[in-house]
Amino acid sequence: MVLAAHPDDEVLGVGGLLVRLADRGCDLLVVTATEGEASHPGSPTVSPAELATRRRNEQDAALVDLGHAAAERMHLHLPDSRLVERERELGDRLQVVLGDADLLLAPWAGDGHPDHEAAGRAARRGVAELAAVTAAVGGSDHARALWEYPVWAWHWARPDTDALPWQRARVVALELHQQQAKRDAVGRFASQLHPLSDHPADAAVLPPAVREHFDRAYEIVLT
């Protein structure tokens with residue numbers, strides 16, 4: 001199961017790992033908290049509703065590139081840029097759908113983006129509370145791993161500081177075809193990669209300098 005605060009977080013953070021999981025025949029549930037409708041506030045070109053539709057379609061195309069065309073999708077339709085206001089609800093809903101998942105991939109709770117951090121905290125709480133409830137009622141002791149993935153942190157974190165919990169960091173080495181599949185998937189998010197118009201409010205969210213953080217032969221997860 002992978003949680004994204006916005007459509008594209010999961011591709012940027014762990015797109016290569018998702019290809020590896022597809023290579024191994026793993027089933028995937030993609031839970032998207034918001035539709036990313038607030039990525040261009042004040043845009044004179046695209047309404048929030050139109051952006052939401054675009055980003056859902058881009059995410060669907062990206063999942064095909066990653067080998068998960070048949071992945072189950074769950075869109076929670078929580079408010080973009082205000083996820084902290086619905087953090088408890090998000091945790092509760094995650095707890096319900098965790099089910100028999102072996103692994104939950106979620107944004108890092110210290111990522112520096114309010115929505116990413118709210119999603120990360122909700123994931124931690126959902127996993128912890130489900131484990132507590134299961135233990136209390138004597139249910140299955142099925143262990144669920146939580147791996148957190150940084151996204152926004154790559155814009156501000158430095159490797160020579162303690163900004164990230166490096167002791168928890170694990171490197172996921174990507175094979176060439178996994179790197180290329182991730183590259184293709186990232187390229188699907190035209191609404192984020194390219195300006196919507198010449199208006200300042202329509203500037204690209206992920207210009208080339210930002211994309212470089214995610215075009216590497218490895219990914220980092222925090223276990």
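The values are calculated or read from the model by the stated rules, or taken from the named source; none is laboratory data. Since we're looking at a predicted model, the values are computed, not measured. All Cβ positions, glycine included, derive from the backbone under ideal geometry; neighbour counts span all protein chains shown.
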Candidate set: the stretch 80-138, residues that are touching a residue at least 12 places away in the same chain (Cβ under 8 Å) and among the polar types (S, T, N, Q); chosen: the one surrounded by the fewest Cβ atoms within 10 Å (Cβ to Cβ): S81
Can you pull out the helices (runs of 4 or more DSSP H) entirely within the stretch 174-223 that have at least 3 residues that are of a type in the set (A, V, I, L, M, F, W, C) and at pLDDT 95 or above? 176-186
Among V97, V64, V84, V11, which is assigned to a helix (DSSP H, G or I) and closer than 23 Å to A169 by Cα? V11
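Do you know which of the residues in the stretch 188-201 that are surrounded by fewer than 17 Cβ atoms within 10 Å (Cβ to Cβ) and either of a type in the set (V, I, T) or in contact (Cβ under 8 Å) with a residue 40 or more places away in the chain (or both) is farthest from H40 (Cα to Cα)?
Just the residues of the stretch 188-201 that are surrounded by fewer than 17 Cβ atoms within 10 Å (Cβ to Cβ), to begin with: 190, 194-195, 197-201.
Pick out the ones that are also either of a type in the set (V, I, T) or in contact (Cβ under 8 Å) with a residue 40 or more places away in the chain (or both) and you get 190, 197, 199, 201.
On the way: A190: 13, S197: 11, H199: 11, A201: 6 Å.
Step by step, filter the stretch 188-201, then rank; the result is A190.
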Between residues in the stretch 47-63 that are under 10 Å from R188 (Cα atoms) and in contact (Cβ under 8 Å) with a residue 24 or more places away in the chain and residues that are aliphatic (A, V, I, L, M) and not in a helix (DSSP H, G or I), which pairs lie under 7 Å by C-beta distance while being six or more apart or on different chains? L63/V30; L63/A69; L63/A71
Within the stretch 19-49, considering residues that are surrounded by 14 or more Cβ atoms within 10 Å (Cβ to Cβ) and assigned to a helix (DSSP H, G or I), the one farthest from the chain's Cα centre (by Cα): P48
